[in-house]
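The values are calculated or read from the model by the stated rules, or taken from the named source; none is laboratory data. Just so you know, these numbers come straight off a predicted model, no measurement behind them. As a convention, Cβ positions derive from the backbone with ideal geometry for all residues, glycine included, and neighbour counts pool all protein chains shown.
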Amino acid sequence: MWFIFALLSAVFAALTTILAKVGIEGVNSNLATAIRTAVVVIMAWGMVFLVHAQNGISEISKKSWLFLILSGLATGGSWLCYYKALQIGKASKVVPIDKLSVIITLILAFAFLHEEFTAKSIIGCILIGAGTLIMVV
C-alpha cells in the first residue's frame, strides 16, 4: 500500500509543479507560496476532522511536537525556495535539482537515523546525481 501512496505523491508533486508554474506568472513567489500553504492547511485539517483524528493532539509527545515543528519550518523553507526557483527558472531545470533531495535524504538517513547504506543505494545516488547533471546541463 505504501507504494501506491508514494506513486500518487509523485503524480501530485508533478501536477503541483505544472500548476504552480502557470499560476505563479506575475505573482510574488512568497505570496504564491503563502496561498498554496493556506490551501494545504485547510485540506490537511479537513482530513483530520473527516477521519476524526483531532483527539490525538493531546497525545503527541514534546519530542514529536519539536520535530514536527522543525519539519514544518524545513518544509516552509523548501517551498519558498522552490517557488522562487520555479518563478525565475524553467520547470524542466528546477525539478531535477529539487529531486537531489533524494540523495541528501539518503545521506542524512544514514548519518542520523543509522539506516543502511547499501551498494544499491550508493549506485542509485550516483545515477540520480548523474541524471540530474545531464538534465540541467
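Of the residues E59, E115, which single one is farther than 28 Å from M135 by Cα, among the acidic types (D, E) and assigned by TED's automatic domain parsing to the domain that holds I134?
Residue meeting the stated conditions: E115.
Run down F67, F3 and say which single residue is free of Cβ contacts under 8 Å to residues at least 12 places away in the same chain and either loosely packed, with under 10 Cβ neighbours inside 10 Å or of a type in the set (K, R) (or both).
F3
Is it the case that some residue within the range 109-119 is acidic (D, E), surrounded by 12 or more Cβ atoms within 10 Å (Cβ to Cβ) and under 29 Å from V22 (Cβ atoms)?
Among the residues of the range 109-119, not one is acidic (D, E), surrounded by 12 or more Cβ atoms within 10 Å (Cβ to Cβ) and under 29 Å from V22 (Cβ atoms), which makes the answer no.
Among the residues of the range 24-32, is any loosely packed, with under 10 Cβ neighbours inside 10 Å and not assigned by TED's automatic domain parsing to the domain that holds F117?
yes
Tell me the helices (runs of 4 or more DSSP H) entirely within the range 40-122 that contain at least 2 residues that are touching an Asp or Glu at 6+ places or on another chain (Cβ under 9 Å) and not hydrophobic (A, V, I, L, M, F, W, C).
So the answer is 62-88.
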